[in-house]
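The values are calculated or read from the model by the stated rules, or taken from the named source; none is laboratory data. Treat the numbers as computed from the prediction; the structure is a model and nothing was measured. Please note: Cβ atoms are built from the backbone with ideal geometry, for glycine as well, and neighbour counts cover all protein chains shown. The area values use the complete protein model at the heavy-atom level, side chains included, leaving out ligands, DNA and RNA. Shrake-Rupley method; radii C 1.70, N 1.55, O 1.52, S 1.80 Å.
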Amino acid sequence: MASAPPSGSAADATGAARGRQVRRLGLQGASGVVPLARDFTRQALYDWGWLPAATADQRAAAEDVLLVVSELVTNACLHAEGPDELALACDNKVIRLEVTDRGTGQPAPRTPHRAGRPGGHGMFIVQRLCLDWGVLRVPDRPGKTVWAELGAPA
C-alpha cells in the first residue's frame with residue numbers, strides 16, 4: 001500500500017488549507033482497510049486544518065467525513081471484492097472522497113429505509129450527510145469509483 005504526498009499549497013499560519021490538495025491511499029490487498037482508511041483520512045483532516053476542531057460544528061463536520069469514509073470502504077469490502085484505492089481531495093469549501101473498487105454493482109440507498117433493521121444503512125447515511133454522491137465508471141475497465149462530497153466546516 002502506498003500513499004502519495006499531498007499536492008497543492010501548504011496550510012497557512014492558521015492551519016486553513018489553501019488551494020486544492022489531494023491524497024491517495026492504496027488499499028488493494030491490505031488488511032484492516034476500514035481503520036486504515038479512517039486513520040489516513042483523520043491525518044489529512046489534521047493536515048488540512050479541519051482538526052483539531054474549535055467548535056462543535058467543526059467537530060461534527062470532521063466526524064461526518066470519517067463516517068462517510070468508513071461507509072464507502074465498508075461497502076467496497078462487502079459488495080465489491082474490496083477497495084483498491086481511497087482518494088481525498090480538499091479545497092476551502094468541499095472535501096471529495098473517492099473509493100475505487102473492482103465491483104460491478106450499483107450502490108444505492110435501501111428503499112424504503114428501515115431504521116430498526118440491522119445492515120443496509122451505509123448509502124442512506126452517505127446520502128443524508130453529503131452534498132452529493134455518485135458512481136464513475138470508465139468504459140472497458142472493470143470496477144467503479146464511488147464518490148461523495150461534503151462541505152467544509154464553517
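Test Arg23 against the criterion of being closer than 17 Å to Ala152 by Cβ, in contact with a helix residue (DSSP H, G or I) (Cβ under 6 Å, 6 or more places away or on another chain) and either among the charged types (D, E, K, R) or modelled with pLDDT under 95 (or both), and give yes or no.
yes
Please name all residue pairs, on different chains or six or more residues apart, with Cβ atoms under 7 Å, provided the first residue is in the stretch 19-31 and is on the phi > 0 side of the Ramachandran plot and the second residue is assigned to a loop (DSSP other than H, G, I, E, B) and polar (S, T, N, Q).
Here the result reads Gly19/Ser9, each pair linking the stretch 19-31 to a residue that is assigned to a loop (DSSP other than H, G, I, E, B) and polar (S, T, N, Q).
Go through the stretch 64-154 and tell me which strands (runs of 3 or more DSSP E), entirely inside it, have 2 or more residues that are open to solvent by less than 20 Å² (accessible area, probe 1.4 Å), modelled with pLDDT of 95 or more and under 28 Å from Ala54 (Cα atoms).
83-90, 94-101, 144-151
Can you name every residue in the stretch 49-61 that is surrounded by 21 or more Cβ atoms within 10 Å (Cβ to Cβ) and part of a helix (DSSP H, G or I)?
Listed by number, the list holds a single entry, Ala61.
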